[in-house]
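The values are calculated or read from the model by the stated rules, or taken from the named source; none is laboratory data. Bear in mind that the values here come from a model prediction, so they are computed numbers and not experimental data. Neighbour counts run over all protein chains shown; Cβ positions are idealised from the backbone, glycine included. Just so you know, the surface numbers come from the protein's heavy atoms only, side chains and all, with ligands and any DNA or RNA stripped out. Shrake-Rupley method; radii C 1.70, N 1.55, O 1.52, S 1.80 Å.
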Amino acid sequence: MLMPSSASGASGSCTIMNAKAGEGWNVAALYPGDENWRASAASTEINVARQNSNGAAVPPPPPPPVTVIYPPAPTVITPPPTSNVIVTVIQNVNVGGGTGNTSGRGQPAGQPTGQPMGQPAGQPSTVDASIARFNAPTGIARDKDGNIYISDRNNFTIRKIAPNGAVTTIAGTAGQKGDTDGIGAAARFNAPGALTIDNAGNLFIIDNRNLRKVVLASGMVSTVVATPANSNGLTNTFVLPDNLAADANGNVFVTDYLIGVVWKVDPTGQVTRFATISSGILNVTGSGPSGIAIDALNNLYITDLAYSPNAGGASSIRKIAPDGSVTTVVEASVGLVNAHGLAVDVNGNFFVNENALIVRVNTDRTIATYKLPPSPVGGTVTAAGLTVEPAGQDVYFTDAAKNTVNVLQRNGTIRVLAGAAGQAGSVDTGK
């Protein structure tokens, strides 16, 4: 819903409560990608251009000069905080986090920030990952050896970034779309999104509404759960799967944003309803589970993301114990807005993807907000998915809009891990 603050036919500002592109309004800051993206923020003002009576767009006045200052360290905010987000953009469908794991448990705590993931301190990267190219990288996951896995959505492939910086394609063929199972390049994907890795070395992917698996040792891709076209959630089938996590026993848990459910997929592929978090967004005043993470005790953590325009995107974090009991561990009053992706470190700190912000929720429930900086190709850096190394020193995230994979270091600095901002493609670096 858009609430114009200027007269008809004039330029001005409006408050976005839960705006969608179109309907006579041009939201200039909206992500220029899939039609599924929507803007949502609490009492956020942006400049818009409204159409006049003959349908022509009335251009807004030139914006005043803006000085963007990116702090060298996070700003700590005590509850209740005021979000400094300008426009938060999330994707309703198939933008995942790959946040649903605490993989990488073998990373030594205290390893200096700025090192390539899994790289011994002082050992430089041997491959220039900036020559790699991605096309809307979305899901991201990290294994215990420091390898990063990326779902490269618009290339229909799964990519790997090794600790030495080498970028390779491990499944699928760029530009070839489908649902074929097979080994490596013979496999096909439709819309690979969220990722997670289990302890046995299997990579799980939400591919459109299906659950796919890559056995990393062999490259074999198989379909674990195929969702029928007419799925409505009344049977044990996904409706709108968003993110996923794997526990120590080989079970995979999938959040279903539309109907408010967390599904459990056991090692045989059987799907059961593990927990009901909320009413889902079929009820427009409701909320739904989005991000998911898991700790070493197999407790699940879920971001409960409100859809209602009246809620302003206010979000909470829920905990699901192994017995299925649900409690709230971070109340909406802490200040999370549009909490999509989620990760947790070994100390119990949460890392939340608010797209234009990455927020760390500390164990004392204070929060540190990392405002992502302007992109060198224009616009802001945005996070599609994120994962964290175990000690919480570095947060890795994909920027689907700028086609890069990045790392946010504990001191607040951000560097591009692989790819080049604004450069789409499917180039590997080789090994």
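Criterion applied to K160, K213 was being free of Cβ contacts under 8 Å to residues at least 12 places away in the same chain and in contact with a strand residue (DSSP E or B) (Cβ under 7 Å, 6 or more places away or on another chain), and the one residue passing it is K213. Residues being at positive phi and either buried (at least 23 other Cβ atoms within 10 Å of the Cβ) or not in a strand (DSSP E or B) (or both) are entirely absent from segment 339-347. The selection criterion, being farther than 26 Å from D181 by Cβ and either free of Cβ contacts under 8 Å to residues at least 60 places away in the same chain or assigned to a loop (DSSP other than H, G, I, E, B) (or both), does not hold for P228. Every listed requirement among (1) surrounded by fewer than 16 Cβ atoms within 10 Å (Cβ to Cβ); (2) over 30 Å from Y307 (Cα atoms) is met by L216 save one, (1). Counting the residues of segment 252-268 that are part of a loop (DSSP other than H, G, I, E, B) and open to solvent by less than 20 Å² (accessible area, probe 1.4 Å) gives 2.
Taking the listed residues I317, I277, the one that is β-branched (V, I, T) and either more than 13 Å from A339 (Cα to Cα) or surrounded by fewer than 15 Cβ atoms within 10 Å (Cβ to Cβ) (or both) is I277, with no other qualifying.
Filtering segment 135-172 to residues that are within 24 Å of G422 (Cβ to Cβ), open to solvent by 30 Å² or more (accessible area, probe 1.4 Å) and touching a helix residue (DSSP H, G or I) at 6+ places or on another chain (Cβ under 9 Å) leaves N135, T169.
Within segment 111-134, restricting attention to residues that are within 20 Å of the chain's Cα centre (by Cα) and modelled with pLDDT of 95 or more, which residue is least open to solvent (accessible area, probe 1.4 Å)? First the steps, then the outcome.
Step one: of segment 111-134, the residues within 20 Å of the chain's Cα centre (by Cα) are 117, 133-134.
Still in the list and also modelled with pLDDT of 95 or more: 133-134.
Working: R133: 53, F134: 0 Å².
Step by step, filter segment 111-134, then rank; the result is F134.
State yes or no: is L195 of a type outside the set (D, E), surrounded by 18 or more Cβ atoms within 10 Å (Cβ to Cβ) and within 18 Å of the chain's Cα centre (by Cα)? Spelling it out, L195 is indeed of a type outside the set (D, E), surrounded by 18 or more Cβ atoms within 10 Å (Cβ to Cβ) and within 18 Å of the chain's Cα centre (by Cα).
Each row is one residue, and each column tells you yes or no for (1) modelled with pLDDT under 95; (2) not hydroxyl-bearing (S, T, Y).
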residue	(1), (2)
Y149	no, no
I158	no, yes
P163	yes, yes
T169	no, no
G172	no, yes
A187	no, yes
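Any idea which residue in segment 348-365 is modelled with the lowest pLDDT, counting only those that are part of a loop (DSSP other than H, G, I, E, B) and surrounded by 15 or more Cβ atoms within 10 Å (Cβ to Cβ)?
Applying the first criterion (part of a loop (DSSP other than H, G, I, E, B)) to segment 348-365 yields 348-349, 354-356, 362-365.
Now restrict to residues that are surrounded by 15 or more Cβ atoms within 10 Å (Cβ to Cβ): 349, 354-356, 365.
Numbers: N349: 93, E354: 84, N355: 72, A356: 80, R365: 90.
Ranking the candidates gives N355 first.
Checked against the criteria, E331 does not count as open to solvent by less than 10 Å² (accessible area, probe 1.4 Å) and acidic (D, E). When L305 is tested against (1) open to solvent by 20 Å² or more (accessible area, probe 1.4 Å); (2) at pLDDT below 90, exactly one condition is not met: (1). Does D394 meet the test of being within 20 Å of L244 (Cα to Cα) and at pLDDT 90 or above? So D394 fails the test.
Can you pull out every residue in segment 366-378 that is among the small types (G, A, S) and either assigned to a strand (DSSP E or B) or modelled with pLDDT of 90 or more (or both)? Steps first, please.
So in segment 366-378, the residues among the small types (G, A, S) come out as 368, 375, 378.
Within segment 366-378, A368 is the sole residue that qualifies.
Condition check: out of contact with any Phe, Trp or Tyr (no Cβ under 9 Å at 6 or more places or on another chain), at positive phi and not hydrophobic (A, V, I, L, M, F, W, C). Does G201 satisfy that? Walk me through it before giving the result.
Values: out of contact with any Phe, Trp or Tyr (no Cβ under 9 Å at 6 or more places or on another chain): yes; at positive phi: yes; not hydrophobic (A, V, I, L, M, F, W, C): yes.
Yes; evaluated as a whole, the condition is true for this residue.
If we keep just the residues of segment 175-192 that are buried (at least 19 other Cβ atoms within 10 Å of the Cβ) and of a type outside the set (A, V, I, L, M, F, W, C), which is nearest to A384 (Cα to Cα)? The selected residue is P192.
Within segment 310-320, identify whether any single residue is assigned to a loop (DSSP other than H, G, I, E, B), modelled with pLDDT of 95 or more and more than 17 Å from the chain's Cα centre (by Cα), and answer yes or no. Scanning segment 310-320, I find no residue that is assigned to a loop (DSSP other than H, G, I, E, B), modelled with pLDDT of 95 or more and more than 17 Å from the chain's Cα centre (by Cα), so the answer is no.
When the residues of segment 379-431 are filtered to those that are in a loop (DSSP other than H, G, I, E, B) and of a type in the set (S, T, N, Q), which remaining residue is surrounded by the fewest Cβ atoms within 10 Å (Cβ to Cβ)?
Residues of segment 379-431 in a loop (DSSP other than H, G, I, E, B): 379, 381-384, 389-393, 400-403, 410-413, 420-423, 425-431.
This time we only want the ones that are of a type in the set (S, T, N, Q), so: 382, 393, 403, 411, 413, 423, 426, 429.
Working: T382: 23, Q393: 20, N403: 24, N411: 12, T413: 16, Q423: 17, S426: 19, T429: 19.
Among residues in segment 379-431 that are in a loop (DSSP other than H, G, I, E, B) and of a type in the set (S, T, N, Q), the one surrounded by the fewest Cβ atoms within 10 Å (Cβ to Cβ) is N411.
Please find, within segment 413-431, the residue that is nearest to A132 (Cα to Cα) out of those that are in contact with a strand residue (DSSP E or B) (Cβ under 8 Å, 6 or more places away or on another chain) and small (G, A, S). Only one residue tops the list, namely G419.
Does S287 fit the bill of being in contact (Cβ under 8 Å) with a residue 12 or more places away in the chain, closer than 24 Å to L195 by Cα and hydroxyl-bearing (S, T, Y)?
When the stated conditions are applied, S287 passes them.
Conditions first: (1) touching a Leu at 6+ places or on another chain (Cβ under 9 Å); (2) over 30 Å from S130 (Cα atoms). V334 passes all but one, so which condition is the exception? Of (1) touching a Leu at 6+ places or on another chain (Cβ under 9 Å); (2) over 30 Å from S130 (Cα atoms), only one is false for V334: (1).
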